[in-house]
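The structure under discussion appears below in the form of structure tokens.
The values are calculated or read from the model by the stated rules, or taken from the named source; none is laboratory data. Just so it is clear, the structure is predicted and the values come from calculations on it, not from any experiment. Note that we place each Cβ from the backbone using ideal geometry, even for glycine, and neighbour counts take in every protein chain shown. Just so you know, the surface numbers come from the protein's heavy atoms only, side chains and all, with ligands and any DNA or RNA stripped out. Shrake-Rupley method; radii C 1.70, N 1.55, O 1.52, S 1.80 Å.
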Amino acid sequence: MPEIIYIEKRVQTLPRTQAFLRRFSNPTVIFCDHYKEIFNRRNQNFRLQKERPAWIVAQKEGSLVHPIPPQY
Amino acid sequence: MILIAIACMLEASPFLTHFSLKKTQNSPFPLYERESLALVVTGIGEHAMIAALSHTVGSLAKNSYVVNIGYAGHRSAPLGAVYSVNSILKEGAKSAFYPHISGKSTLPSMPLRSVTQPESLFSEELLYDMEGHAFFETAKRFVPLEQIILWKVVSDGPKRPFERSPVSTERALPVLLPHSETLPPLSCPKEPTFPPSWRLTHTQRLQAARSIRFANELGVDLAPCYRAKTGRAFLRALQEITETTLPEYA
């Protein structure tokens, strides 16, 4: 059964994405605009979801490194 | 229960014959039923699909599959090929939809673009239909996302207009029937009840119900929790179990 991999369009050409995809022999790749279109949606059936978990390749965004507070 | 929504009678008739479905409603939308299977003929176009599906699916139990089977166009796929839909796009829509692909599905999957007028250009390597987006958008209001399924039969393409297409959904039956048998059975979720002596706030009841629902869905044994004598002890035991066995939902 092919693995299902959701990939954000903005990361599809990145070398790390390509390297990740090479791990799978015949994956079903589905492109999306943002991982939140798939992840943690409302009205889910967890039992059915757990029967076929999928991968999501996405880009982290926002401020990933925070400055140390001046009082520290 | 499985509800099949099909746009036109031409697509529906092979299923009506195969399953020996009986007409139980004529108006406003033809509805055919037999045991745990129902089929509604919605009419062509997104407005017809929204109206018929809302009218029919609203009376169904939440533990039902809602399936759309129908024709779709494709630029190069062979006529009669059957695909499950893995994403649904529509011009001008706020975002795309991503139907769940069921656990044991071996059917090849493909993106679908819903259009308002019959497609003739087929500029992308996608399936093209007229109702898929409206079907998913309506169905997701009534049943969990994992219980919404779209199966499409390629009926036309740029060099093969639909009017001259020899394809019938009958050709899809041998593919879809074994596939439909692999759909996991759906349980009927029961709302948890708590002994009246347990003093739980409304928020605690909601949080406990959520954890219990996850645990039940994943087959985690909650018997030790129910041995608690007070609500507080129950919540503590439930929290311990969810933290160890269901860390992602704790």
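Please enumerate the residues belonging to the range B:37-84 that are among the hydroxyl-bearing types (Ser, Thr, Tyr) and closer than 27 Å to A:Asn45 by Cα. B:Thr42, B:Ser54, B:Thr56, B:Ser59, B:Ser64, B:Tyr65, B:Tyr83, B:Ser84, listed by residue number. Filter the range B:75-107 down to the residues that are more than 14 Å from chain A (Cβ to nearest Cβ) and out of contact with any Phe, Trp or Tyr (no Cβ under 7 Å at 6 or more places or on another chain) and list them by number. Answer for the range B:75-107, where residues must be more than 14 Å from chain A (Cβ to nearest Cβ) and out of contact with any Phe, Trp or Tyr (no Cβ under 7 Å at 6 or more places or on another chain): B:Ser76, B:Ala77, B:Pro78, B:Leu79, B:Gly80, B:Ala81, B:Glu91, B:Gly92. Looking only at residues in the range B:210-233 that are surrounded by 13 or more Cβ atoms within 10 Å (Cβ to Cβ) and assigned to a loop (DSSP other than H, G, I, E, B), the one that is farthest from the other protein chains (Cβ to nearest Cβ) is B:Thr230.
Only residues that are in contact with a helix residue (DSSP H, G or I) (Cβ under 8 Å, 6 or more places away or on another chain) and not small (Gly, Ala, Ser) were counted in the range B:46-62, giving 6. Considering the range B:1-53, the qualifying strands (runs of 3 or more DSSP E), each wholly inside and each with 1 or more residues that are under 15 Å from the mean Cα position of the chain (by Cα), run over B:2-6, B:37-41.
So, B:Ser168, is that one open to solvent by 30 Å² or more (accessible area, probe 1.4 Å), in contact with a helix residue (DSSP H, G or I) (Cβ under 7 Å, 6 or more places away or on another chain) and closer than 20 Å to A:Phe31 by Cα or not? No: the conditions fail for B:Ser168.
Identify the single condition in (1) open to solvent by 60 Å² or more (accessible area, probe 1.4 Å); (2) free of Cβ contacts under 8 Å to residues at least 12 places away in the same chain that B:Ser95 does not satisfy, given that it satisfies every other one. Result: B:Ser95 passes all but (1).
Filter the range A:11-43 for residues that are surrounded by 14 or more Cβ atoms within 10 Å (Cβ to Cβ), closer than 12 Å to A:Gln59 by Cβ and more than 11 Å from chain B (Cβ to nearest Cβ) and give the result. Scanning the range A:11-43 gives A:Val11, A:Leu14, A:Thr17.
Checking each residue in the range B:57-88 for being surrounded by fewer than 19 Cβ atoms within 10 Å (Cβ to Cβ) and without any contact (Cβ under 8 Å) to a residue 60 or more places away in the chain picks out only B:Ser59.
To keep it simple, each residue is scored yes or no on (1) open to solvent by less than 60 Å² (accessible area, probe 1.4 Å); (2) over 21 Å from A:Asn40 (Cα atoms).
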site	(1), (2)
B:Leu145	yes, no
B:Ile148	yes, no
B:Lys159	no, yes
B:Leu200	yes, yes
B:Gln207	no, no
B:Thr242	yes, no
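Residue pairs whose Cβ atoms lie under 8 Å apart, separated by 6 or more positions or on different chains, with the first residue in the range B:152-179 and under 12 Å from B:Leu79 (Cα atoms) and among the charged types (D, E, K, R) and the second modelled with pLDDT of 80 or more and part of a loop (DSSP other than H, G, I, E, B), are B:Asp156/B:Leu79; B:Arg160/B:Leu79; B:Arg171/B:Gly80. Selection of the range A:44-60 for residues being more than 8 Å from chain B (Cβ to nearest Cβ), open to solvent by less than 100 Å² (accessible area, probe 1.4 Å) and of a type outside the set (Gly, Ala, Ser) yields A:Pro53, A:Ile56, A:Val57, A:Gln59.
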